[in-house]
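Below: one structure, written as structure tokens.
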Amino acid sequence: MAGSSYGNIFKVTTWGESHGKGLGVVVDGVPAGLELCEEDIQIFLNRRKPGQSKFTTPRKEDDAVEILSGVFEGKTTGTPVSMVVWNKNQKSKDYSEIASYYRPGHADFCFDEKYGFRDYRGGGRSSGRETIGRVAAGAIAVKMLSGLGIKFLTYTRSIGPVTINEVNFDAHEIYNNSLYMPDADAALKASEYLEECLKSLNSSGGVCECVITGLPVGLGDPVFEKIDANLAKAIMSIGAVKGFEIGDGFDAAKATGLTNNDAFIMMDGAVSKETNHSGGTLGGMTDGSPLIFRAAIKPTPSIAATQHTVNKSGEDIEISIKGRHDPIIVPRAVVVVEAMAAITIADALLMNMGARMDRITDFYKKL
């Protein structure tokens, strides 16, 4: 299987399956000298692990990370950082029935057609547990970037029909509710909506939003390495994501040039923008403004409600999916979205180091 790696210099390769012995990641390109320990990684993994509320799968996993290589005496060595999380609470028998049919909304059919074989236990590589490796790698990227003043604020913007009210926005509320919504009123309404979904054996989707601040001007390149294009690829590679927009996104199509353009102004002696319709990028490069994007996440396809499908013999059948599944995956996806954004920014920053000859010359003059 190709396509398990992402990045150019800060390169991330994930491995493992939902019901295999474990899952992990190898991260190439981590600069030497970054202070790093397992607790730095665990904090991020704890944000995505299952069983933390009634709106997530009841599967209980510690998701305890082990750093296998690339760190010595509390600092990265510049060699590949390899990490693993062992699976401990698999219940593969819950999935024995689905080996013979295709679940609506899942990758079962495409896997069978492409490879002629699939790991039906929890979805194998297409399971949400694949994101463990992404989150572990993203934790390193966030640690690296935070030391440079680059910060990430990622949260649930909407669940089903419930959207946060910008007037009520409170960043401190993000971690005060299990839905990671920065609006207490919206979180309550979303919880009530999800209760109805559970009663009807159904699920819900939603939207994650990420705001990145402290970015320099010029990350990304104007043609095939546009920062917004790479972010779109990174975020769209997350299994349940079905849409991506940056800045005003699709609303920009309804605007005019005059209303969509961000006027440049001088602020504190530096060039700035009066508005931020562009979402922090121009010409495929960061422009120094907060980079703002959103990811649309589909409803969990594994639901207990009766659905129509076909089996591998081509017969029409009715199914009700058993097993332990999230009625909504948006809250657990928040940290995955942040991780992929951080990986993309870290890679762009390392690539940007060679963008100007004068900076390269200045660097070597100091040696």
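Values in this text are rule-based calculations from the coordinates and carry no lab data. Since we're looking at a predicted model, the values are computed, not measured. Neighbour counts are summed over all protein chains in view; Cβ atoms, including those assigned to glycine, are modelled from backbone coordinates with ideal geometry.
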inquiry  = Consider the stretch 130-173. How many of its residues are charged (D, E, K, R) and touching a helix residue (DSSP H, G or I) at 6+ places or on another chain (Cβ under 6 Å)?
reply    = 3
Close pairs from the stretch 208-219: first closer than 14 Å to Arg356 by Cα, partner assigned to a loop (DSSP other than H, G, I, E, B), Cβ under 8 Å, at least 6 apart = Val217/Gly288; Gly218/Ala355
query = From Ser313, Ser302, Ser289, which residue is closer than 30 Å to Lys49 by Cα, among the hydroxyl-bearing types (Ser, Thr, Tyr) and not in a helix (DSSP H, G or I)?
reply = Ser302
remark   = How many residues of the stretch 160-179 are part of a strand (DSSP E or B) and closer than 21 Å to Lys54 by Cβ? The answer is 1
query = With His308, His325 as the choices, which residue is over 19 Å from Glu225 (Cα atoms) and surrounded by 14 or more Cβ atoms within 10 Å (Cβ to Cβ)?
reply = His325
ask   = Does Ser278 fit the bill of being in contact with a helix residue (DSSP H, G or I) (Cβ under 9 Å, 6 or more places away or on another chain) and hydroxyl-bearing (Ser, Thr, Tyr)?
value = yes
request  = May I ask you to list the residues in the stretch 271-323 that are farther than 21 Å from Asn260 by Cα, touching a Ser or Thr at 6+ places or on another chain (Cβ under 6 Å) and either free of Cβ contacts under 8 Å to residues at least 60 places away in the same chain or among the hydroxyl-bearing types (Ser, Thr, Tyr) (or both)?
outcome  = Thr300, Thr306, Glu318, Ser320
message = Among the residues in the stretch 218-235, are any under 15 Å from the mean Cα position of the chain (by Cα), of a type in the set (A, V, I, L, M) and not in a helix (DSSP H, G or I)?
response = no
